[in-house]
1. Checking Ser90 against (1) within 18 Å of Ala228 (Cα to Cα); (2) at pLDDT below 75; (3) of a type in the set (S, T, N, Q); (4) surrounded by 14 or more Cβ atoms within 10 Å (Cβ to Cβ): exactly one of these is not met. Which one?
2. Read through the list (1) among the hydrophobic types (A, V, I, L, M, F, W, C); (2) modelled with pLDDT of 75 or more; (3) more than 30 Å from Leu14 (Cβ to Cβ), then give the number of the only condition that Val132 fails.
3. Could you list, in sequence order, all residues of region 170-227 that are over 21 Å from Ser32 (Cα atoms) and acidic (Asp, Glu)?
4. Got a sec? Which of Lys45, Lys106 is out of contact with any helix residue (DSSP H, G or I) (no Cβ under 9 Å at 6 or more places or on another chain), at pLDDT 75 or above and either in a strand (DSSP E or B) or closer than 29 Å to Ile212 by Cα (or both)?
5. Would region 242-256 turn up any residue that is surrounded by fewer than 13 Cβ atoms within 10 Å (Cβ to Cβ), in a loop (DSSP other than H, G, I, E, B) and of a type outside the set (Gly, Ala, Ser)?
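The values are calculated or read from the model by the stated rules, or taken from the named source; none is laboratory data. None of these values were measured; they are calculated from a predicted model. For neighbour counting, all protein chains shown are included, and Cβ atoms are generated from backbone atoms with ideal geometry for every residue, glycine included.
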Amino acid sequence: MEILEQLFTLLMLLLLQAVLGFDNLLYISIESKRAPKDKQAYVRKLGIGIAVAARIILLFLLTSVISAFTEPFWNLNFWGLIEGSLNLESVIVLFGGIFILYTAVKEIFHLIGTEDLHGDSNEKNSKSVGMVISTIVLMNLVFSFDSILSAMALAQEPILNESGDPTGETRYIMWVMATAIILSGILMIVLADKVSDFLQKNRLYEILGLFILFIVGIMLISEGAHKAHLKLFGNEVMPMTKTTFYFVIAILVIIDIVQGKYQKKLIAKKQ
């Protein structure tokens, strides 16, 4: 019966990884375009592969020293304007959100200023293969914090004494969490090329993807601020929930579809 419960937990973790991995996959598809065109698929696969290995290392690290990531190291209090307690986890998530927000805004302005719409819009902003892979791995770890902490909350089992009674303590089911990370990584490798090809063939959706990435940045910033218990002018910063995030995405997609059909109708009428 125990193995069935662990397999059910594994299934739940895979579903969780799939839901939480959408924004990560979108970022990887957009960031990989900065690499030389013939190396982009290689960059995505290698970047995700290294990130999966780093996730497993992070998993073992978090289960061993979780208090080091959640223990506050700096209390903020600037005349009541900003209050909070920064910890390592909140700083990492805040940094990731700011970086993604910056990336999305820069790419949006770059697309607006692009004159050659049929050329490679990222040619001037291209990076080396090593730089793109490093960025993908780093941001993958930022996205990993929530999924790993959620996995740690789900994949626990009580420790029993010699009589078979619970001792009140729990231990993590490491093989379940590691398997979920590896399988989700394989799924991301398979889907990354498909998402990237879709954005390449449907350039109109590229701007939609960047605005979704913009919202991802805001979500991470609000989440990092909440983890640091930040208060602005006495008001606590609340995190954007995944429900709100997907609702906003759905609205953006609907607006994009309606606008696309309306533009086609206007073009057909002019012709």
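1. Ser90 satisfies every listed condition except (2).
2. (3)
3. Within region 170-227, just Glu223 meets the criteria.
4. Testing whether each residue is out of contact with any helix residue (DSSP H, G or I) (no Cβ under 9 Å at 6 or more places or on another chain), at pLDDT 75 or above and either in a strand (DSSP E or B) or closer than 29 Å to Ile212 by Cα (or both) leaves just Lys106.
5. Within region 242-256, none of the residues are surrounded by fewer than 13 Cβ atoms within 10 Å (Cβ to Cβ), in a loop (DSSP other than H, G, I, E, B) and of a type outside the set (Gly, Ala, Ser).
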